[in-house]
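Each value in this text was obtained by applying a stated rule to the coordinates, not by laboratory testing. Small disclaimer: the values here were computed from a predicted structure and weren't measured. Because the Cβ atoms are built from the backbone with ideal geometry, glycine has one as well, and the counts that use them run over all protein chains shown.
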Amino acid sequence: MKIKKPDERMYVCEVDTAYQTNSGIEYRWKKVDVELTANTDRARCAYCAGSVKFHRKQKANGTADHVEHRSRQDSENCMGGHYFKGEHRRSQNPVE
Ligand SMILES: [Zn+2]
């Protein structure tokens, strides 16, 4: 099995998604491919629930669409983070 580098994990994120249920509309976090998702403020890291921002591919052979942690602290403490230090934990300021 190919081990994913931390940065590659950020090709997915979670988006607050509306579901129709018997008791009405309910919102739940859904894991999605960043590439297939429109930019939204209601997105969070799939691993630490930290706030993320969208980055879109700039050129043909450039970095694929992905999200990045807004907070350096989240990035250091999340297994998907660019600056991951090795100990994963949930964001101190999770997007709920
Ligand atoms: Zn994270």
Checklist entry - For a paramagnetic label modelled at 7 Å from the Cα of residue 8 toward its Cβ, which residues of the stretch 59-96 fall within the zone defined by backbone nitrogen distances under 17 Å? => result 62-67, 79-84
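What does the C-alpha gyration tensor say about the overall shape of the chain? Classify as rounded when a/c is under 1.5, otherwise prolate if a/b is larger than b/c, or oblate.
Working: a/c = 1.99, a/b = 1.34, b/c = 1.49.
Verdict is oblate for the chain.
I need the calculated FRET efficiency for the pair residue 90 and residue 22, taking r as the beta carbon distance and R₀ as 35 Å, to the nearest 0.05.
Working: r = 31 Å, r/R0 = 0.89.
After rounding, the FRET efficiency stands at 0.65.
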Checklist entry - Mind checking the dipole of the chain: about its Cα centre, +1 per Lys or Arg Cβ, -1 per Asp or Glu Cβ, Debye to the nearest 20? => result 260
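Please compute the length gained on full extension between residue 60 and residue 35, using 0.36 nm multiplied by the number of residues separating them and subtracting their Cα-Cα distance. The partial results should precede the final answer.
On the way: separation 25, 0.36 × 25 = 9.00 nm, distance 1.39 nm.
Contour length minus the Cα-Cα distance gives 7.6 nm.
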